[in-house]
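The values are calculated or read from the model by the stated rules, or taken from the named source; none is laboratory data. Values in this document were obtained by computation on a predicted structure and should not be read as measured data. Glycine also receives a Cβ, built like all others from the backbone with ideal geometry; neighbour counts cover every protein chain displayed.
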Amino acid sequence: MAQAGESEPVRVQVPGQASAQLVSATGGEAADGKGQLAWAGFEWARNPYVILITIYIFAPYFSGTVVGDPVRGQAIWGHINGVAGFIIACFGPLLGAIADRGGRRKPWIAAFVLTMAFATFLLWFALPMDAGIGILGAAAAVVIANVAFEFSAVFHNSMLPHVASQKGLARLSGLGLALGNLGSLLILVFMLIFLMLPGAVSWGFVPDTLPFGLDAAAHENSRIAGPIAAIWLLVFAVPLFLFTPDAKSSGLSSKGAVREGAQALVRTVKSLKGYRNVALYLVARMFYNDGKTAVLVFGGVYAAGVFGWGPLDLTLYGVVLSIFAVAGGLVGGWLDDALGSRNAILTSIGMTSLGVLLAVSITPQEIFFVIPYDPETATPLWSLPFFNTLPELIYISVVLLIAIFITAAYANSRTMLARIAPVSKMSEFFGLYALSGTATAFLGPLLVGIATSVFHSQRVGFASVLLLLGFGMALMFFVREERADEAVEERGA
């Protein structure tokens, strides 16, 4: 059987086929169908954290109820993400370099999964008005969980070119994000039916009371998002460890892997001047990823502030967007196959920017900047306790663009790196990939905060993310979609 790095095709048995040739993007033996599905399924386990904690449920609860002041809460939420981003920027590339030297990824992923689950569970104890673990305790737990989330992504992403074929990179990457959003959707539907709607509607399939003795008056239907995300992660991360093959250990001790990894990272950073195309891509991604991250971080807080939405509205809003985000992962794979990674990224950023522009053009009193709307005199569209005004429905309609194409952009971005990074330094470059996504993580929150303060407008502050998206998109026009060749790069070609 051919070893990793050899050019001879590797014959492996694939479920449902008599025989087939399946060679990974790195030249070794790719994972079988079950192993690839388990790799993608890790997104199903991990990504609900983003939806439940950082966007729709816990973030607005933290801002408006734990802090007690939405404006101050939004500022603190930005600082939390900035601190986590700084930590990730400092250590993410080093971890990727260590993975290359040590070989195995699963032990690291397991450690970060356990850390993330513990920190996320603690959010149950973040009580209203700075009680319980308080603002500081909740902030520390979110920082730890965010860091563990991103560090697990470094090792999980670096497995992609080892488990998938070159032609299958885009589809498997897109499938992972689609599964992640599908899992988030199922959790949000559960929370909507059993935790948010009881007492608000009299539908037959909705229980009369909250389960497990939860008390909505104590905001327990929002706080439970932490334990749900933690338990979901622990249960559904298991298949990755059972079915997806890991790289073989290099035989180095932990100390040796750290030492050689650090040395290799220094060399890699210095060599970026030789990998000009990859470096330009990472810089471009740094800016447009900051824009996407800011959209996600402030999306729930923005909607809650502008439209005065509560937990029920935000959960239903999350359900609707998650349905279309599931399609976004598949759209990303389709765009990548049809247009190539670079053009798919340009399309995804462009459509995300259009969605943001349309979103901020709508308020309870205004549609598309110029059409006035008077909520005081307008007749409600229906008697349901949510989304009963025309601006709200139009707003939801246009942000579907964001849900689809921001997910597609994530899928296209990591596929792009897997296509252009040098094979021998794949994990190091995925560490730099994490760095490019977090090195300026403070920039999005800072930009939104300054714009909001200067213009005294939440919509202007949110619209400022268009600057980051636009600059990143402009840089992408100069990126070439081709594998970095060390010999060519060193000659300065």
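So here's what we get for this one:
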quantity: Failed criterion for residue 240 (all others in (1) surrounded by 23 or more Cβ atoms within 10 Å (Cβ to Cβ); (2) closer than 30 Å to residue 131 by Cβ; (3) at pLDDT 85 or above; (4) touching a Phe, Trp or Tyr at 6+ places or on another chain (Cβ under 7 Å) hold); calculated: (2)
quantity: Hey, residue 316 part of a helix (DSSP H, G or I) and surrounded by fewer than 19 Cβ atoms within 10 Å (Cβ to Cβ) or not; calculated: no
quantity: Candidate set: the range 208-226, residues that are assigned to a loop (DSSP other than H, G, I, E, B) and more than 32 Å from the chain's Cα centre (by Cα); chosen: the one surrounded by the most Cβ atoms within 10 Å (Cβ to Cβ); calculated: 209
quantity: Among the candidates 383, 348, residue that is in a helix (DSSP H, G or I) and either at negative phi or in contact with a strand residue (DSSP E or B) (Cβ under 6 Å, 6 or more places away or on another chain) (or both); calculated: 348
quantity: Total residues in the range 114-127, condition modelled with pLDDT under 95 and crowded, with 23+ Cβ neighbours inside 10 Å; calculated: 1
quantity: Residues satisfying the stated conditions in the range 379-392, i.e. more than 19 Å from residue 320 (Cβ to Cβ) and either of a type in the set (D, E, K, R) or modelled with pLDDT of 75 or more (or both); calculated: 379
quantity: Residue 154 being at pLDDT 80 or above and β-branched (Val, Ile, Thr); calculated: no
quantity: Cβ-Cβ under 7 Å pairs, at least 6 apart or on other chains, the range 216-235 side at negative phi, far side surrounded by 23 or more Cβ atoms within 10 Å (Cβ to Cβ) and not in a helix (DSSP H, G or I); calculated: 222/57; 223/126; 225/57
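Rundown of residues vs (1) surrounded by fewer than 18 Cβ atoms within 10 Å (Cβ to Cβ); (2) at pLDDT 75 or above; (3) not charged (D, E, K, R); (4) not in a loop (DSSP other than H, G, I, E, B), yes/no style:
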| position | (1), (2), (3), (4) |
| --- | --- |
| 428 | no, no, no, yes |
| 436 | no, no, yes, yes |
| 445 | no, no, yes, yes |
| 453 | yes, no, yes, yes |
| 469 | no, yes, yes, yes |
| 480 | yes, yes, no, no |
| 487 | yes, no, yes, yes |
| 492 | yes, no, yes, no |
